[in-house]
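Enquirer: First, the structure itself, so that you have it in front of you.
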Amino acid sequence: MELFSLKNKTAIVTGALGLLGKEHCKALSEAGANVIAADINELECADFAKTLQTESMGSGLDVTNPDSIKKLRDKVLQKFGHIDVLVNNAAINDMFENPKAAAEQSKFENYPLELWQKSVDVNLTGVFLCSQIIGTEMAKQKSGSIINIASTYGITAPDQSLYIKKDGSQSFYKPPAYSATKGAVIMFTKYLAAYWGKAGVRVNTLTPGGVENSQDEFFIEKYSAKTPLGKMAKPTDYKGALIFLASNASSYMTGANLIVDGGWTAW
Ligand SMILES: NC(=O)c1ccc[n+]([C@@H]2O[C@H](COP(=O)([O-])OP(=O)(O)OC[C@H]3O[C@@H](n4cnc5c(N)ncnc54)[C@H](O)[C@@H]3O)[C@@H](O)[C@H]2O)c1
């Protein structure tokens with residue numbers, strides 16, 4: 001199991017307070033890493049970091065703001081001296097505050113520019129900025145693993161019929177910015193893997209499929225029927241893949257996309 005050990009490694013997770021971010025932090029800590037749980041709300045990050053089993057810390061972070069990322073980098077280097085793993089996990093998954101307006105707003109024809117821009121800023125520019133500011137430290141130390149979290153919707157288009165209710169009505173369309181930004185993350189990963197290969201920094205994508213999280217029953221049923229394994233993921237289903245990509249177990253892997261989707265993209 002030595003291959004999978006992250007003992008004495010320092011790992012930063014962005015979007016650490018989200019459904020999957022918390023599981024990524026727990027997985028890295030269980031494998032021995034000191035984890036920096038970074039998300040918008042600094043106090044909540046600090047509270048959450050206390051629940052991790054290794055020497056960890058919480059930090060406020062806005063992945064769209066270079067100064068905020070530099071502050072985090074400096075704080076982590078001061079405390080731990082090195083950064084070995086970066087999980088670019090923060091993302092916007094559009095929610096529409098007014099459910100009545102959601103059907104109209106989420107339609108491609110009406111999708112607001114502000115929402116498109118916000119997703120580009122967080123899902124794509126955030127990955128670029130964190131990789132540039134934190135990854136450069138890895139390149140200087142000649143080692144590191146960057147894991148960019150994409151989505152099956154960055155590989156295959158969303159099937160909008162999944163959102164049609166049993167009565168034939170549709171109150172939501174999966175918006176275009178999510179697919180476009182996640183597809184771009186997969187390509188950015190390849191770019192950076194090629195660029196930093198000789199610098200010893202590995203860069204890979206982890207592509208999760210949909211996680212069951214109190215969605216409407218009709219949606220869970222339809223999603224599961226479209227998945228070869230017959231079910232949606234649990235939030236803990238990505239822990240093994242994450243540790244694999246973060247550790248020496250994947251030492252000859254870079255520029256790859258590890259798809260963990262219950263078979264969603266297999267047919
Ligand atoms: N949940 C799923 O079904 C699913 C499926 C495929 C891929 N993914 C991907 O996995 C990752 C995590 O998803 P999740 O379901 O945990 O999402 P989530 O919405 O639960 O969490 C996202 C987190 O990102 C944070 N965040 C947003 N903007 C930020 C910013 N500017 N700076 C720092 N943090 C910011 C939010 O505060 C939130 O805690 C995302 O990249 C998502 O696209 C999720």
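Enquirer: For a bin width of 5 Å, list the pair-distance distribution of the chain built from all Cα-Cα distances, rounded to whole %.
Expert: 1, 6, 13, 17, 19, 17, 12, 8, 5, 2, 0, 0
Enquirer: Follow-up. With every protein chain in place, what's the accessible area of Thr156 (1.4 Å probe, Å², nearest 10)?
Expert: Approximately 50 Å² for this residue.
Enquirer: If you don't mind, another one. Gap in Å between the Cα centre of the range 187-211 and the Cα centre of the range 7-39?
Expert: Their Cα centres are 18 Å away from one another.
Enquirer: Oh, and also: Where in the range 161-179 does the label zone of Ala103 land, with the point 7 angstrom along Cα→C-beta and an amide N cut-off under 17 Å?
Expert: 161-175
Enquirer: Using Cα pairs under 8 angstrom and six or more residues apart, how large is the relative contact order of the range 148-226, in percent?
Expert: 43
Enquirer: Which shape class applies to the range 1-119: rounded if a/c is under 1.5, otherwise prolate when a/b exceeds b/c and oblate if not, where a ≥ b ≥ c are the square roots of the Cα gyration tensor eigenvalues?
Expert: In terms of gyration-tensor shape, prolate.
Enquirer: Accessible area of the chain with a 1.4 Å probe: how many percent of it is carbon plus sulfur?
Expert: Result for the chain: 55 percent of the exposed heavy-atom area is carbon or sulfur.
Enquirer: What do you get for the angle between helix 126-141 and the principal long axis of the chain? Use alpha-carbon atoms, 0 to 90 degrees, nearest ten.
Expert: For 126-141 against the chain, the angle is about 20 degrees.
Enquirer: What is the angle, in °, between the Cα long axis of helix 19-30 and the longest principal axis of the Cα atoms in the chain? Nearest 10 is fine, range 0 to 90.
Expert: Once rounded, the angle reads 30 degrees.
Enquirer: Angle between the Cα long axis of helix 176-196 and the longest principal axis of the chain, 0 to 90 degrees, nearest 10?
Expert: 30
Enquirer: Against the 2.2 N^0.38 Å scaling, with N counting residues, where does the range 146-224 land? I'd like the Cα-based Rg ratio to two decimal places.
Expert: Expressed relative to 2.2 N^0.38 Å, the Cα Rg reads 1.41.
Enquirer: For Met1, Met232, give me the order by solvent-accessible area with a 1.4 Å probe, most accessible first, ignoring ligands, DNA and RNA.
Expert: My answer, sorted largest first, is Met1, Met232.
Enquirer: Based on DSSP H runs of at least 4 residues, each adding -39500 (n - 2.57), what is the mean residue ellipticity at 222 nm of the chain after dividing by all its residues, to the nearest 500 deg cm²/dmol?
Expert: Theoretical 222 nm ellipticity from helices: -12000 deg cm²/dmol.
Enquirer: Over the range 1-68, what is the mean sequence separation of C-alpha contacts under 8 Å (at least six apart), divided by residue count, expressed as relative contact order in percent?
Expert: 28 percent.
Enquirer: Rolling a 1.4 angstrom probe over the protein chains, ignoring ligands and nucleic acids, what is the accessible area of Asp94 in square angstrom, nearest 10?
Expert: 20
Enquirer: Give me log10 I(q)/I(0) at q = 0.13, 0.17 Å⁻¹ for the range 106-198, Debye formula, one equal scatterer per alpha-carbon, no solvent.
Expert: -0.55, -0.79
Enquirer: Something else about it: Got the relative contact order for the chain handy, in percent, Cα pairs under 8 Å and 6 or more residues apart?
Expert: It rounds to 19 percent for the chain.
The values are calculated or read from the model by the stated rules, or taken from the named source; none is laboratory data. On a predicted model such as this, the values are computed, not experimentally measured, just so you know. Positions of Cβ are backbone-derived with ideal geometry, glycine not excepted, and every protein chain shown enters the neighbour counts. Areas reflect the complete protein model, heavy atoms only, side chains present, ligands, DNA and RNA absent. Shrake-Rupley method; radii C 1.70, N 1.55, O 1.52, S 1.80 Å.
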